[in-house]
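In what follows, a structure is listed as structure tokens, so that the remarks can point back to it.
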Amino acid sequence: MKKGLISFISICLLLLVWQLTALSMDQPELIPSVPDLIKALFQLFATGTFYKSIFATVLRGISGILLSFAAAITAAFLFARYELLYELSRPLLTIMRSVPVISFILLALIFLDPEGIPLMIAFLTMFPLLAENLTKGISNLNPGLSIMADQFRISRKNKLMHIFYPQLKPFLFSGLTSAIGFGWRAIIMGEVLSQCAFGIGGEMKRAQLFISVPELIAWTIIAILISFFFDKGINLLSKVKWNIQFSNTTRENNHISPVYPIKVTDVTFRYADTKVLSHFSYTFESGVIYGIKAPSGSGKTTLLNLLDGSLKPLHGEVSSGKQQLFSVVFQEPELLSHLTVMQNICLPLASDYDPAYSEQEARKALEIVEMEAFQKRYPNELSYGQQQRVALARALAYPSAVMLLDEPFKGLDKALTIRIIDRIIARQAGYRQTIIFTSHDQEEIDRLASVIIRLTVVNYI
């Protein structure tokens, strides 16, 4: 309200200065008074071409935005995927941003029909700004969130709305704001020079030819107002929040899928020239809790990634006989900052369950990790340990046959860890999941694990 009042006062002061200048100059044909400008505006409203011109220019603006955005999002994905293509295209994008708009228009007047020039100019002006911003946004996507989404089998629609869009949003709307500002002025300039049959720019040109200053200024005010509404529209779009898309399915009783053994046969894996696993073989029996105890660099996290399929072995094979669902606690919590604790846990469930059942399972999991009082909080309102507990609750709530937990109790105090472990053990009696977790803490291993696996550091070429 305060900002609105300041803006109103600023406009009133501007009108006052204009009126005083008009009175002092006493040349109404060149500097019309404020009443004359208002009269000219109302006269425009009564003309037959007013609404046609407004519609034509706005349509060109919207068409230019949509065309530029479609081309920019396609180009940005290609640029992010193929770095060489981006490097080859970057000089062209720089040239497009640097060339004066008037040069584009004059060249277009030679080769194009006048009616198509404003739209083409809008595209040439907006496309490079949007393409570069979106390319930067796609390049900065958090790969951990994408892996999390794939691991929990989040639906395509939810992945788009809650994984990709929030990360691209700052880059998208920053680009749109700049592009529309430049593009709108370019469209009107194109209409002025091409003298389109209908359009704000064409009307401004005709007013200039007839030296109708009040009409020219009135059309200028109209152009400014439409630009203002475009900006407000973009601002409103940026505030839109997407709801999680849930399934209509309701599940009762034990929702855990059948569990099958996981066989690891002669698996070898290396990063660059560093080997972390060498000829590792093991069979993880169904319904057993396994604890992996090993020093850093011995391949604990790598083994979990091989088990869930996010990594492929250099040699050997990982198989479970049947396709199984995995729930994972990653090295980092990988929570979505725009969703509450409850929503973060429900998002993976939404692909298979309705909202009521998803929230029911989420609350059960939150009780296990003692986070039920924080379900309406956002991740940035939580400590690292609390975020880790939410990530653990997300894994517990997900209807998986196998849970892979990478240092799940990191950042938690000893007493809380013991309470959570005891609840997981009690829960295991009913769910019979296979649980494979890593830890540096021998007490955690001894308390939770039925079977302990010790890895040794390979670490050679």
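Here, each number is a calculation from the coordinates, and none is a lab measurement. The structure presented is a predicted model; accordingly, all values stated were derived computationally and were not measured. Neighbour counts run over all protein chains shown; Cβ positions are idealised from the backbone, glycine included.
Would you please state which residues of the range 106-125 a label at residue 63 would reach in this model, taking the label point 7 Å out along Cα→Cβ and a backbone N cut-off of under 13 Å? Hits in the range 106-125 for residue 63 at 13 Å: 113-123.
Among 113, 231, rank each residue by its count of other Cβ atoms within 10 Å, from fewest to most, as a rough exposure measure.
Ascending Cβ contact count within 10 Å gives the list 113, 231.
Using a Förster distance of 30 angstrom, determine the FRET efficiency expected from the C-beta separation of residue 441 and residue 242, and round it to 0.05. It would help to have the intermediate numbers written out before the result.
Working: r = 40 Å, r/R0 = 1.32.
It comes out at approximately 0.15.
Quote the FRET efficiency, to the nearest 0.05, computed for residue 212 versus residue 82 with a Förster distance R0 of 51 Å and r equal to the Cβ-Cβ distance. Calculated value: 0.45.
The angle separating the long axis of helix 414-431 from the principal Cα axis of greatest extent in the chain is about 80 degrees. Take the Cα coordinates of the range 47-238, assign each an equal point scatterer, and use the Debye formula without solvent to give log10 I(q)/I(0) at q = 0.09, 0.14, 0.17 Å⁻¹. Summing over Cα pairs of the range 47-238 leads to -0.40, -0.83, -1.08.
Can you give the helix-only mean residue ellipticity at 222 nm for the chain, where every DSSP H stretch with n ≥ 4 adds -39500 (n - 2.57) and the sum goes over all residues, rounded to the nearest 500 deg cm²/dmol?
Numbers: 17 runs with 269 residues, N = 461.
Mean residue ellipticity, 222 nm, calculated: -19500 deg cm²/dmol.
Cα-Cα over 30 Å: which of 52/169; 364/410; 293/376; 241/364; 241/300; 159/232? Beyond 30 Å between Cα atoms: 52/169; 293/376; 241/300.
Measuring how big the chain is from its alpha-carbon positions, Rg and Dmax come out at 31.1, 96 Å. Scoring 141-153, 75-87 by mean Cβ neighbours within 10 Å over their residues and listing the highest first yields 141-153, 75-87.
For residue 292, the amide hydrogen comes within under 5 Å of the amide hydrogens of 437, 438, 439, 453, counting only partners 5 or more places away or on other chains and with H modelled in the peptide plane. Within straight cross-link reach of residue 136, meaning Cα distance under 19 Å, which aspartates and glutamates are found once same-chain residues fewer than 8 apart are removed? Reachable aspartates and glutamates: 83, 87. Rounded to the nearest Hz, the phi-derived 3J(HN,Hα) couplings of the range 200-210 under the Karplus curve 6.51 cos²θ - 1.76 cosθ + 1.60 (θ = phi - 60°) are 4, x, x, 5, 5, 5, 5, 5, 5, 5, 8, where x marks glycine and proline. Packing around the peptides 173-180, 330-337, taken as the average count of other Cβ atoms within 10 Å per residue, puts them in this order, highest first: 173-180, 330-337.
Determine the dipole magnitude for the range 47-238: charges of +1 sit on the beta-carbon of Lys and Arg, -1 on that of Asp and Glu, nothing else is charged, the reference point is the Cα centre, and the result goes in debye to the nearest 20.
Result for the range 47-238 is approximately 540 debye, rounded to the nearest 20.
If you take all other residues with their beta carbon under 13 Å from the beta carbon of residue 284, and give Lys and Arg +1 and Asp and Glu -1, the sum is -1.
Fraction of C-alpha pairs exceeding 16 angstrom in the range 295-397: 61 percent, rounded to a whole number. If only the Cβ of Lys and Arg carry +1 and only the Cβ of Asp and Glu carry -1, the dipole of the chain around its Cα centre is close to 340 debye.
Pairs of alpha carbons in the range 262-454 separated by more than 25 Å make up 35% of all such pairs. Sites listed here are trypsin sites (Lys or Arg not before Pro) in the range 366-461 whose DSSP assignment is loop and whose Cβ has at most 16 other Cβ atoms within 10 Å: 376, 377, 432.
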